[in-house]
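Asker: First the structure, then my questions, so here it is.
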Amino acid sequence: MAAVQPNLSKMISAQLRNKANEFLNSRKHANNLADILQMFEAETENYTPLLLTIEVIFTELLKRGDLIQHIVPLKPIDHSPEAEYTRWLCECYEAAIVRALECMRRGKTSSRLQALVTACKLLQAEGKHPLEQTTGYFFPSVRLKNIFLVLLDSETSMSAPITRFQEFTEYRDMQQHGLKVLAALAFRKSPSPIYMQNFLELLDKLLAAKIPLDNKGKGKDRDIEENEMKVLCASEGKPNFPYNPAVCRRFANRCWSFACQWPLCEEPRTHRRALLLLVERLMPLLNRPHLATDMLCDSLDAGGPISMLALQGVLELVRHHNIDYPDMYDRLYAMFEPEMFATRYKKRLMHLTDIFLSSTHLPESLVAAFAKRMSRLALVGSPEDSKGLLQLVANLLLRHPALKRMICCEDTPAIMSNDPYVMEESSAARARALGSSLWEVRALRGHWAPAVAAAAARVLAAAERDPPQSLALEEDSALFDAELKKRFKTIEVNFIRPQTMALPSGERLLQYWELTA
Amino acid sequence: MAKVKNKRNAGLADRVHNKKKAEANKKKLNPFEVHINKEKLKVLGKKSKHDRGLPGVARAKAIQKRKETLGTEMKLINKTNTFIDRRIGEKNNQISAEDRMIARFAAERVKQHSKKSIYNLADDEILTHRGQTLEQIEKFDDPKSSDDEDEDKQFGGLDNDFVSEGHFGGGVLSKAESKDGAKSHKDLIEQLIAESKKRKAEKQKEKEQTLDLTEKLDSEWKDLQPVVFKKQKVQEESLIDKLLSKAEKGQDYDRMMRELRFEKRGTPSDGLKSKEKQDEEERKKIEELERQRELRMISEEDVTAPKNAKTPKHRSADDLDDNFELEDEKEFMLAYDKDGKPLVPEHVLKDYSVPNSKKIFEDGVSDTSEEEGEEESDEDDIKAEKDENTDEKSEVNKSEDSDEETSDESESEQETEKRNEKVTTKKSIKNLNESTGLKRKHSSNSDEDAASRIDSNKKSTVNSYIEKESLHTSESKIIKLNSSNDDKNMSDDDDDDEDEDEESSDDSKDGSDDDTNLNNLNDLKGTDESDEFDDIEDSDEKIGSFFELKSVEGDKLKELLTGKTPSQHTIALQKLIKSYDPGLSVNNKELLSRLFAHLLQYTHDVFSNISEEGEIIKSFLIFDRLVPFFYDLIHINKVSTKKFLVELLKEKYDAYKRNTKKVPDLNTLIFFKLVSSLYPTSDFRHPVVTPSLIFMSDILTLARFTDAYSVSRGFFIVSLILEYTVLSKRYVPAAVNFLRGVIFLCANTCVLNPVQVVPPFRLHKSAKILILERDCSKMTAERKMAAKDLAATEIDDSLKIRCLLTAMLMLKEFFDNYIEIEALEAIFEPHIQLLRRVDLDLYPKKVSKKISEVLTYMKQTLEVKTYTQMSREKVKPKALRLYEPDIQDVFTGSKSSKLSKENADRARLQGKYKKEMKGALREIRRDKAYIASVKIRQKIQSDNVRKDKVKQIYKDASIQQGELNKLKRMK
């Protein structure tokens, strides 16, 4: 089946290419276009060749200007064959676009993606060669609106096409007009969760290219930026696209103002998506970010990954908008649970914690509790996580010299019957960590992974004042690859020949397993 | 008193008087004699000797000196004799005449007593004559020579009377007496001559006689000699005779013997060691290696840390050894420009600022795809499906392109391969035809290959596959198709397996073949060795041609080993390795490392696709036999075998990473065991062991343990981790967490009172698959996990019991390993809490007893554990450094201090020489002047004398003349 299919599709695409060429070469084969459009109905799964064909055809037509109708006002409609033909072509064009948009909803993922690309390419072609004669910059917003209408589906998740759409949002005009169109589309009373997802994702992608913050930047910089700016529908000989960050921000704000009226927090997925969007993209753009405080605070209470995400937003608010948040550190403290290892956002959490705890005005007991808790967690984490946590602890020790008593007590060390630190205490300041020591780090000194052992050694040597290092968190499989890349002078091997599977000494597998009987 | 005082006063007066006298005696400096040398530059603190001089005095001294030296010499000039006065004290005019006499007398006496003992004459002297002691000479070597002297001593041997008469006779008185004898002088002389002649003749005769006698004695002695030493001589002669005769008899034998005798008899070496000695050496060697292993256990950082402490270049003499460093960095003042930006160098600012707050995380903004992976499994399904769809589609797109490429590649590959094959086809086909049916299949397969090569390129993808597998073309085709189509069924376990196998090893088919074989052979385990040898014999030729064709080595190995009992494996491999011993040929080392790779592949195959208990046991039995050979092979070529093993691990790891939730099967896990038996697992860092530990830890942290399959394999891994860390006692959180999770799965936890667990186990989501629901206290429990647990598909009660028991035993072992760690409680407290919730009553008595034993042990140990705050070791205060004085060369005053030492010395010496030369020249000049002055004085003196004499003569002459004139006048 699979072997046959590619051949078939190859054949079809070759055929289609021929047809398209014929059509483009002479008007004799005008019917080919109709045929091609007809074929959309026959196909059910893979529209890719068809979409490619219509893309080729109409891009070419637009370039040639065949689609331009010369309508003279106050004159009866021209019925010359030429005009008729043009009109017919225009109809076909509209039909093709409708087809392409339909294809975005149907069929295989690859063909859906292709449909989106085709629609965008056509939009680009039309922007470059508008259907009506214009002098200035032209952007076919209507087409974009149609595309967005498809993307903002209420029933099906459009994440794949939207992800693909990102390659177009790099263009500044697309971004600006996209935000404008989206703001116009946004208002809706009670959207479905999927719609919200799609909306948020689309907004996210539209904001992927950073919008410059200060409006009145230096003139030179702006010029350079304009020269380097990527514009989708730019054509030579026409004025440049007037990119206006302020407008962009206004529309982004409007989009969000609609979105935040929706019940975003009801479903965790949407909630997370919204938080991510807010934290990563929107925060700097918002006019009144403190309006998001409520949402962030609610999210922070939600627990789990959601609160980790909200933490970043809260940090932003605290740092730049003078928001005072009660029990901030206790909440942060509560996030350090073994469950954090399973979440995707653990690296973000560690990074944020590093920032949070970089303040030198924090009470020692609180920071000590954090250090203690992190080292406890490092005891159970995977090597990568342990390494990150240990780095964090090292930074704490460096930034807060008072914590040094946790690794090297100056007074004569007292012998205690148990660890004074109370792991269960929810308030960091009351966990009595200052009386304790970082025995966990010493235990990690004997960790099996050389990298972790080295990190633990670094913590213990934190008395030497290196500047605190930024957390370099690795990918999970990096450790394995790094280990393979290490060069060794010699390859040590065992020196006692085993007679069987069992080791001459220290056999454990067969101690617990009865494998050979 | 008064007297005393008086005395003192008198003394004082004397002293004053003496002093005055002395001052008077002291030469008064005549101010006119003093000459003051003018000083051009005054140098402070410099002592000058030459600031003033007494030229007159100095000149007089010099002249006096010359008079004593040069003057006397001049006096003696042209005189051959010298008069040396050796009288004692004669020249020393400080000694008085009396003293002189006494000294002379004393010397005389000493001279008399210089002999040590007058009565003991020459007793200790060894007299020598011409270097020989007299004793040596007294051996009478030459008796002839000694006679002459004593005879000829006096007056040519004439007797005393004759001499006294003849020589000193005469005289009137005696003559008168002797007249009676009436012998004339002439007669006397004649008598004398005759007498002496007669004596001479007598002497001659006597001499000859003695000579004759000695000669006679000698000859007689010679005759006697053989009689005296007869015995020895005879023997010697006979030996020699024998040799000679023998030499004549057998020349060749003799030559051979001599050759043998002079041939090199092998280098001397250590004597053969006794068994005990060998054992002893072996033991020592192993001890040494053990010691090295223990060294390697410590991290390099620890070892090198003291060495790395770098010493500052310069240390001041005031350095207190407190590592205080003068900071060169300038302090900066924090200032801001008008925009409010700090005016501080950037790196400084960076050091003091908070970490970069805006950081890009790639953890889920863009891809919604896997986001939910971890958190919500219910949502997972829809989502994952979609993703897979998208993935798949893009994949298909790609594969369309890539297929074409690969087909091209494989074509070319094939072509080259074919060329190779052509060369060896005849041989290989012969080989193949001879042997088993399997081989025949192979050959037909290769024929097919040849055919396919000719007909089309379309098949090429399939063909490339054939090449790899070289078995079952059609079937592999099917698999290929399956693999491309069945992506949707990824979640399905069976398909998954197949996929994995194909990707990792491309031998799944063989694996299944093995399966059937193994099934048949299950019973063969205990068969006799005798028929095994028969089997082996026919495999000999296979061994002979094992490495002939590179591409089929793997298959050959498989042929060699499949369908044999484990002990036959041993024999076959032994033979194979022996026949390719690296000592025999240079290539063998490489060949054997290739064999290692094939053995790895074989092991993989043996452990692939086994699902029954019997198969598992069988596989382990085979593996059991293979391990020693793996050991041998890595010792032959450490580098390449390590490379093979690491590549294999990498491949497996990548395969695992594709689906981290699924625990890899035994065909992966078995290699961890292999690693532990080949490499030292205790090293701090090891090229093979560390990656495999990472792999295992990753499995335990990422995989999901939700069924019998995964849990049993989890236990397998944990026991291996125990084995890895048994010596180093390193801390492995993943294993401890796994045990925690397992106990959690066994325990009753309610939502209200949760006990923390660590991922991959999750508090409210992991199904309690190991919890015991009915009372099993009557059941008998097995002690160990068994092979059947690896094959189990459902979790029955006995498995649950065994899991908990094993978990407890392992936990105890971990606990014991980490007992030194202070944070022990933090590590094991959750386990204890969880164990409290396990309903022990349901478990068999023995098991519950064992568990509670371990539990109480752990509790007690933790209770006893004390905590001491971490502190540094107190460092001893360092003593102040004492520095050696810096001794430098003395400043010699030479300007050219830049010169090298030799040159400087040379220059200094030259300067000195010049100075001396100058001084000497001046002295000579003055000597000359002195000599001249002496000479002129002599000349003047002699002139004066002459003048006086002339005057005298004139005077005499004038007187004479006057008298003559007077006489004339008188006339």
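Read-outs: derived from the displayed coordinates by stated rules, not from any lab. Bear in mind that the values here come from a model prediction, so they are computed numbers and not experimental data. FYI the Cβ positions are ideal-geometry reconstructions off the backbone, even for glycines, and counts take in every protein chain you see.
Asker: Can you tell me the order of A:394-406, A:14-26, A:141-153, A:367-379 when each peptide is scored by its average per-residue count of other Cβ atoms within 10 angstrom, highest first?
Answerer: Peptide ranking by packing, descending: A:367-379, A:394-406, A:141-153, A:14-26.
Asker: Further, regarding this structure: Under 5 Å between amide H atoms, partner at least 5 residues away or on a different chain: which partners does A:Glu514 have, H built in plane at 1.01 Å?
Answerer: B:Met785, B:Ala786, B:Ala787
Asker: Quick one: order A:Cys260, B:Cys803 by neighbouring beta-carbon count within 10 Å, fewest to most.
Answerer: A:Cys260, B:Cys803
Asker: Another question about this same structure. Under 14 Å from a label point 7 Å along Cα→Cβ of B:Ser933: give me every residue in the stretch B:35-60 with its amide N that close.
Answerer: Counting only backbone N, you get B:55-60.
Asker: Can you give the FRET efficiency for B:Asp839 and A:Ser505, using 1/(1 + (r/R0)^6), R0 = 30 Å, r = Cβ-Cβ distance, to the nearest 0.05?
Answerer: 0.20
Asker: Using a 7 Å offset from the Cα along the Cα-to-Cβ direction at both B:Ile286 and B:Asn944, what is the distance between the two label points in nm, to one decimal?
Answerer: Those two pseudo-labels are separated by 11.9 nm.
Asker: Residues of B:816-822, mean number of Cβ from any other protein chain within 10 Å of their own Cβ, rounded to a whole number?
Answerer: Numbers: counts 0, 1, 2, 0, 3, 8, 7.
Whole-number average of other-chain Cβ neighbours for B:816-822 is 3.
Asker: When Cβ neighbours within 10 Å are restricted to other protein chains, what is their mean count per residue of peptide B:629-636? Show your work: numbers first, answer last.
Answerer: On the way: counts 0, 1, 7, 1, 0, 3, 4, 0.
Mean inter-chain Cβ contacts per residue within 10 Å come to 2.
Asker: Would you mind classifying the stretch A:338-465 by shape? Square roots of the alpha carbon gyration tensor eigenvalues, ordered a ≥ b ≥ c; an a/c under 1.5 is rounded, otherwise it is prolate if a/b is larger than b/c and oblate if not. Present the calculation step by step, with values, prior to reporting the outcome.
Answerer: Values: a/c = 1.37, a/b = 1.20, b/c = 1.15.
In terms of gyration-tensor shape, rounded.
Asker: Now for a separate question. Going highest first, how would you order B:947-956, A:345-354 by mean Cβ packing within 10 Å? Please report the intermediate quantities before stating the final value.
Answerer: Working: B:947-956: 10.3, A:345-354: 22.2.
Those peptides, ordered most packed to least, come out A:345-354, B:947-956.
Asker: The stretch B:786-846: which GluC sites (Glu not before Pro) are DSSP loop and have at most 14 other beta-carbon atoms within 10 angstrom?
Answerer: For GluC sites (Glu not before Pro) across the stretch B:786-846 that sit outside H, G, I, E and B with at most 14 neighbouring Cβ atoms in 10 Å, the list reads B:Glu794, B:Glu820.
Asker: Does the stretch B:722-864 come out rounded, prolate or oblate, given a ≥ b ≥ c as the square roots of the eigenvalues of its C-alpha gyration tensor, rounded meaning a/c under 1.5 and, failing that, prolate meaning a/b above b/c?
Answerer: Working: a/c = 1.44, a/b = 1.29, b/c = 1.12.
It is rounded, given that a/c, with a ≥ b ≥ c, falls under 1.5.
Asker: Just in the stretch A:418-457: which GluC sites (Glu not before Pro) are loop by DSSP and have at most 11 other Cβ atoms within 10 Å?
Answerer: A:Glu424
Asker: Order of A:91-97, B:594-600, B:74-80 by packing, highest average Cβ count within 10 Å first?
Answerer: Ranking the peptides A:91-97, B:594-600, B:74-80 by packing returns B:594-600, A:91-97, B:74-80.
Asker: In terms of the Cα gyration tensor, with a ≥ b ≥ c the square roots of its eigenvalues, is the stretch A:356-399 rounded because a/c is under 1.5, prolate because a/b exceeds b/c, or oblate?
Answerer: prolate
Asker: Right, here's the next one. Subtracting the Cα-Cα distance from 0.36 nm times the residue separation, let me have the gained length for B:Arg258 to B:Lys859 in nm, one decimal. Don't skip to the answer; put the middle values down first.
Answerer: Details: separation 601, 0.36 × 601 = 216.36 nm, distance 8.58 nm.
Here the answer is 207.8 nm.
Asker: So, one more: Take the Cβ-Cβ distance between A:Lys63 and B:Asp339 as r, set R0 to 56 Å, and report the resulting FRET efficiency rounded to the nearest 0.05.
Answerer: The calculated FRET efficiency here is 0.70.
Asker: On to the next question. Provide the per-residue ³J(HN,Hα) series for the stretch A:270-275, in order, calculated from phi with Karplus coefficients 6.51, -1.76, 1.60 and θ = phi - 60°, each as a whole number of Hz, with x at glycine and proline positions.
Answerer: For the stretch A:270-275, the Karplus-derived couplings read 4, 4, 5, 4, 5, 5 Hz, x marking Gly and Pro.
Asker: A further question follows. Which length gain, in nm to one decimal place, applies between B:Arg783 and B:Thr706 when the Cα-Cα distance is subtracted from 0.36 nm times their residue separation?
Answerer: Extending this stretch completely gives an extra 25.4 nm.
Asker: Using a 10 Å cut-off around each Cβ of peptide A:275-282, what is the average number of partner chain Cβ atoms that fall inside?
Answerer: 2
Asker: FRET efficiency for B:Lys111 and B:Asn965, Cβ-Cβ distance as r, R0 = 56 Å, nearest 0.05?
Answerer: Approximately 0.15, to the nearest 0.05.
Asker: Label-point separation (nm) for B:Lys28 and B:His185, each offset 7 Å from Cα along Cα-to-Cβ?
Answerer: 9.1 nm
Asker: May I ask you to sort B:Thr681, B:Thr856 by Cβ crowding, counting other Cβ atoms within 10 Å and putting the fewest first?
Answerer: The order, fewest Cβ neighbours first, is B:Thr856, B:Thr681.
Asker: Also, I was wondering about something else. Most exposed first by the Cβ proxy, i.e. fewest other Cβ within 10 Å, how do B:Val227, B:Val675 rank?
Answerer: Working: B:Val227 7, B:Val675 24.
Exposure proxy ranking, most exposed first: B:Val227, B:Val675.
Asker: Sticking with this structure for a sec: Could you check the simple spin-label distance between B:Lys578 and A:Glu91, using points 7 Å along Cα→Cβ, in nm with one decimal?
Answerer: Result for the modelled spin labels: 9.3 nm.
Asker: B:Ala103 label point, 7 Å along Cα→Cβ, cut-off 19 Å on backbone N: hits in the stretch B:52-94?
Answerer: B:84-94
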